[in-house]
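Here the structure is laid out as structure tokens; the discussion comes afterwards.
The values are calculated or read from the model by the stated rules, or taken from the named source; none is laboratory data. If you're wondering where the values come from, they're calculated on a predicted model, not measured in any experiment. Cβ atoms come from the backbone with ideal geometry, glycine included; neighbour counts cover every protein chain shown. Calculation scope for accessible area: heavy atoms of the full protein, side chains included, ligands and nucleic acids excluded. Shrake-Rupley method; radii C 1.70, N 1.55, O 1.52, S 1.80 Å.
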2 protein chains.
Amino acid sequence: MKDKTDGAPVERRRGEGVKLVYDILRDEILDLVLPPGSPIDEIQLAERLSMSRTPIREALVRLAGEGLVTTLPNRSTVVSNVDFLNLHTFFDAMTLMYRVTTRLAAEHHRPGDLAAIRARQADFAAAVAAEDALAMIATNRDFHATIAEAGRNPYYLALFCRLLDEGRRILRIYYSSFDDRLPARYADEHDAIIEAIATRDVAAADRLATAHADQIVHQIQQMIARDRRQTVPL
Amino acid sequence: MKDKTDGAPVERRRGEGVKLVYDILRDEILDLVLPPGSPIDEIQLAERLSMSRTPIREALVRLAGEGLVTTLPNRSTVVSNVDFLNLHTFFDAMTLMYRVTTRLAAEHHRPGDLAAIRARQADFAAAVAAEDALAMIATNRDFHATIAEAGRNPYYLALFCRLLDEGRRILRIYYSSFDDRLPARYADEHDAIIEAIATRDVAAADRLATAHADQIVHQIQQMIARDRRQTVPL
DNA sequence: TGTATTTTTTTTGTCGACAAGATGCCGACG
DNA sequence: CGTCGGCATCTTGTCGACAAAAAAAATACA
């Protein structure tokens with residue numbers, strides 16, 4: 001089978017191999033190309049990318065640090081599972097991070113930030129117009145991550161990105177039942193959030209972010225309730 | 001010089017070397033045995049612990065993932081600096097995590113949790129009685145980490161532990177000026193927090209946690225204001 | 001035929017060695 | 001006397017190979 005990740009002996013700059021493996025695995029995990037529970041074979045990856053096992057292992061250690069993979073000692077490392085039993089902890093943290101990052105963005109954003117945020121919103125609108133649910137997921141993530149960057153709190157940013165990535169995985173699982181009627185509402189809410197940030201209206205930013213988070217959480221919960229049969233193994 | 005980390009060729013079980021290096025480096029970084037900016041030489045560590053560079057590198061990658069060390073590409077990896085210019089972001093996140101973890105503990109704690117929390121509080125009280133400021137820092141961290149565990153939100157727990165560790169480092173820097181008059185107040189506040197959690201009084205838990213966080217933040221700020229001269233290089 | 005035990009195979013964790021990149025030193029030149 | 005370029009040294013990033021541990025397979029025995 002022909003793959004875009006060729007096995008030909010390509011020359012790579014020093015220190016670039018790790019990043020390559022890391023990015024590939026990360027994307028494949030978040031896009032569910034590697035579904036939760038998939039074993040990751042180091043040798044196979046090494047042959048596929050025509051490099052030694054050392055950089056692959058380093059990338060795996062980094063992914064394990066972010067919780068995307070789980071390494072069983074002396075056994076294979078597998079893609080981490082999504083903890084459906086404790087999704088409420090995810091929703092709780094997600095909502096809080098939506099709120100604090102948007103609040104902080106309204107407080108601390110600087111001249112260039114609004115342009116970046118609006119650019120991301122344009123990307124999201126394009127994805128909505130194209131009815132590309134996968135692109136919506138990705139651009140929505142980038143939109144809120146950019147807001148978090150404008151808030152300038154690295155601790156919140158790190159946790160928020162982790163949550164957004166996990167959300168990307170969850171949404172992917174329920175991609176088949178993605179309701180493309182709601183996104184228009186999301187786009188409007190995004191515009192309102194931008195407006196609140198631009199006018200430095202912290203209270204409005206908090207209120208809008210809370211409502212936005214509630215929307216997304218509610219939608220995910222609906223998806224889960226709808227497709228529960230498929231998530232429970234026989 | 002004789003060290004407890006001997007260089008004799010000791011036999012180690014498979015997979016134990018990485019954890020050993022990780023724990024040693026982590027402790028030395030948080031205790032400022034390795035002050036911020038210290039270069040970490042892989043070969044030197046490998047000789048000191050009588051092992052290859054591979055497990056040392058894996059431990060360094062994990063530490064880099066937690067932000068405790070910074071790896072300059074193709075150059076040495078150094079202990080991460082404390083960002084004094086943006087301490088307010090640290091205080092902000094710290095206060096929020098104090099609040100949400102204490103709230104969640106009041107909501108979700110289970111039978112065994114209170115005993116564990118009280119045990120940690122006893123450790124803290126013992127450190128206060130012994131007037132051991134270093135032990136106070138460590139036991140205070142464990143006390144709040146145990147509360148966060150009782151809250152059962154892994155996302156908050158991870159961020160909170162990271163913040164508590166960073167706080168441990170900051171307090172260590174100002175250890176010389178540690179005022180051992182305040183800790184008695186801390187112990188009382190801890191008792192009040194335990195009471196609020198036990199009675200599942202979420203509002204009280206939130207209020208007490210906020211006050212507690214404000215106390216600690218205020219004390220650190222006072223320390224910094226007092227010793228600013230030493231923090232500014234010539 | 002089913003189960004327990006041994007053997008084989010596969011995969012991980014660790015090691016020593018080599019090559020790329022960077023830092024510092026030394027000499028040449030303006 | 002100061003600055004630039006080349007050389008030596010040091011550290012890191014990567015590689016191939018070996019050993020330990022677990023899984024899988026094969027065999028012996030009841």
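Could you please let me know if B:Leu72 is within 11 Å of chain A (Cβ to nearest Cβ) and open to solvent by less than 20 Å² (accessible area, probe 1.4 Å)? In short, no. Anything in segment A:28-46 that is within 16 Å of DNA strand D (Cβ to nearest atom) and either more than 14 Å from chain B (Cβ to nearest Cβ) or in contact with a Pro (Cβ under 7 Å, 6 or more places away or on another chain) (or both)? List them, or say none. If the condition is that a residue be within 16 Å of DNA strand D (Cβ to nearest atom) and either more than 14 Å from chain B (Cβ to nearest Cβ) or in contact with a Pro (Cβ under 7 Å, 6 or more places away or on another chain) (or both), then A:Gly37, A:Ser38, A:Pro39, A:Ile40, A:Asp41, A:Ile43, A:Gln44, A:Leu45, A:Ala46 are the ones that fit.
The single residue among B:Thr101, B:Thr77 that is more than 10 Å from chain A (Cβ to nearest Cβ), closer than 30 Å to A:Thr95 by Cα and crowded, with 18+ Cβ neighbours inside 10 Å turns out to be B:Thr101. Residue pairs whose Cβ atoms lie under 8 Å apart, separated by 6 or more positions or on different chains, with the first residue in segment A:1-22 and farther than 16 Å from A:Ala46 by Cβ and at pLDDT 85 or above and the second open to solvent by 60 Å² or more (accessible area, probe 1.4 Å) and within 14 Å of DNA strand C (Cβ to nearest atom), are A:Arg14/B:Asn74. What do you reckon, is B:Glu58 more than 14 Å from DNA strand D (Cβ to nearest atom) and within 11 Å of another protein chain (Cβ to nearest Cβ)? Here the answer is no, as B:Glu58 does not meet what is asked.
For the residues A:Ala158, A:Ala127, A:Ala115, A:Ala145, the requirement of being over 14 Å from A:Asp191 (Cβ atoms), part of a helix (DSSP H, G or I) and within 14 Å of another protein chain (Cβ to nearest Cβ) singles out A:Ala158.
For segment A:65-76, the set of residues classified as without any contact (Cβ under 8 Å) to a residue 40 or more places away in the chain and more than 10 Å from DNA strand C (Cβ to nearest atom) consists of A:Gly65, A:Thr70, listed by residue number.
Sub-7 Å Cβ pairs linking a first residue in segment A:25-47 that is within 10 Å of A:Val78 (Cα to Cα) to a second residue that is in a loop (DSSP other than H, G, I, E, B) and away from DNA strand C (no atom under 16 Å from the Cβ), at least 6 apart or interchain, are A:Pro36/A:Asn81; A:Pro36/A:Val82; A:Gly37/A:Asn81, ordered by first then second residue.
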